[in-house]
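The values are calculated or read from the model by the stated rules, or taken from the named source; none is laboratory data. Remember, predicted model here, so these are calculated numbers, not experimental data. Don't worry about glycine lacking a Cβ; one is built from the backbone with ideal geometry, like all the others, and counts go over all protein chains shown.
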Amino acid sequence: MSLESEAIRAFEHAGWQRSAAGYGDSFAHATAPFITPLLEAAEFLPGQHVLDIACGPGDLAAAAAARGAAAYGLDFSAAMVEAARMMHPEIVVTEGDAEDLPFSDNMFHAAVCGFGIHHVPRPQVALAECRRVLKPGARFAFTVWATPDENIAWSLVFDAVARHGNRSATDAPPPLGTLDRPEHCLRALQASDFVGCSAELVRAEWLLPSADGLVAALAAGTVRMAALIAAQEPSTLPAITSHIANQAERFRRGGQLAIPIAAVLARGRKSPA
């Protein structure tokens, strides 16, 4: 692994260890609307073995179990693994690396990854590992966050920081790949020899009480956005939050904000041959 990959892994690992305690009450509400379409894209049957890679607190794997799957979760954060085991005893959770899966060849009938593959230092290595552990003909499906122009929650924060803070203040290492558009995800799957591949945008709403709630959820339950927020001078945060609040008002519905968000949902199959 290169020095760049090691730096990304160390940064991501430290971030997810920190966010594990607060993820379920914060950012999990943003990812929840995409669980059903992701599981449907995986096309597994009751009783089949399904692997959730970068499972976090296990919500996606638990939803697969609720559909009758024998669900397995894997995460490289010990804190996330502990949270998943406590919250969802019905799933088998393993601490491990997505780039070196601790499972035998041809073991799973399906695999999923909800908003995790873009956090892996070398996504193509993780995709190759995923293909290895799938049975012939089995499907892999994953979600990643779409570009900020499709994701209002992200663009609100980026715009506010650009106007009142410092976008370059964070020392987060840049990712080694870009997976935020359907065509990027499609090429990545095809480069790993998946067949029958497709990728599309899926839209949802993130319901939040206020702009303060948006900033708090990103700070508590993410890694890169949390690093950006934490890197801002404390004196600028009121202006940043105020700007987000003003711009977000157009999304108010009753007593809450309904912020538009979007993900890329990509899928492919391991060749039957």
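Miscellaneous remarks
- Any hit, segment 33-44, residues being of a type in the set (S, T, N, Q) and more than 24 Å from Asp100 (Cβ to Cβ): yes
- Unmet criterion (only one of (1) assigned to a helix (DSSP H, G or I); (2) under 17 Å from the mean Cα position of the chain (by Cα)) for Gly73: (1)
- Scan of segment 233-273 for residues that are buried (at least 16 other Cβ atoms within 10 Å of the Cβ), at pLDDT below 95 and assigned to a loop (DSSP other than H, G, I, E, B), ordered by number: none
- Some residue of segment 22-37 being modelled with pLDDT of 95 or more and more than 17 Å from the chain's Cα centre (by Cα): no
- Residues located in segment 179-209, provided they are surrounded by 14 or more Cβ atoms within 10 Å (Cβ to Cβ), of a type outside the set (Gly, Ala, Ser) and more than 13 Å from Leu127 (Cβ to Cβ): Asp180, Arg181, Pro182, Glu200, Val202, Glu205, Trp206, Leu207, Leu208
- Selected residue (criterion: modelled with the highest pLDDT) from residues of segment 164-178 that are among the small types (Gly, Ala, Ser) and either crowded, with 17+ Cβ neighbours inside 10 Å or more than 24 Å from His13 (Cα to Cα) (or both): Gly165
- Counted residues, segment 214-273 - those being of a type in the set (D, E, K, R) and over 28 Å from Thr143 (Cβ atoms): 2
- Single condition Met86 does not satisfy, out of (1) over 19 Å from the mean Cα position of the chain (by Cα); (2) part of a helix (DSSP H, G or I); (3) buried (at least 24 other Cβ atoms within 10 Å of the Cβ): (3)
- Among the residues of this structure, Arg203 counts as one that is at pLDDT 90 or above, charged (D, E, K, R) and out of contact with any helix residue (DSSP H, G or I) (no Cβ under 8 Å at 6 or more places or on another chain).
- Residues (farther than 20 Å from Asp25 by Cα and either without any contact (Cβ under 8 Å) to a residue 24 or more places away in the chain or surrounded by fewer than 16 Cβ atoms within 10 Å (Cβ to Cβ) (or both)) located in segment 89-116: Glu90, Val92, Thr94, Glu95, Gly96, Asp97, Asp100, Pro102, Ser104, Asp105, Asn106
One line per residue, one yes/no per condition, for (1) within 17 Å of the chain's Cα centre (by Cα); (2) among the basic types (Lys, Arg); (3) at negative phi; (4) in a loop (DSSP other than H, G, I, E, B):
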{"position": "Glu150", "(1), (2), (3), (4)": "yes, no, yes, yes"}
{"position": "Gln190", "(1), (2), (3), (4)": "no, no, yes, no"}
{"position": "Ser198", "(1), (2), (3), (4)": "no, no, yes, no"}
{"position": "Leu207", "(1), (2), (3), (4)": "no, no, yes, no"}
{"position": "Gly213", "(1), (2), (3), (4)": "no, no, yes, no"}
{"position": "Ala219", "(1), (2), (3), (4)": "yes, no, yes, no"}
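- Residue ID - farthest from Met225 (Cα to Cα), chosen from residues in segment 8-47 that are without any contact (Cβ under 8 Å) to a residue 40 or more places away in the chain and of a type in the set (A, V, I, L, M): Ala32
- Criterion applied to Thr147, Thr143 was being free of Cβ contacts under 8 Å to residues at least 60 places away in the same chain, of a type in the set (Val, Ile, Thr), under 22 Å from Pro260 (Cβ atoms) and touching a helix residue (DSSP H, G or I) at 6+ places or on another chain (Cβ under 9 Å), and the one residue passing it is Thr147.
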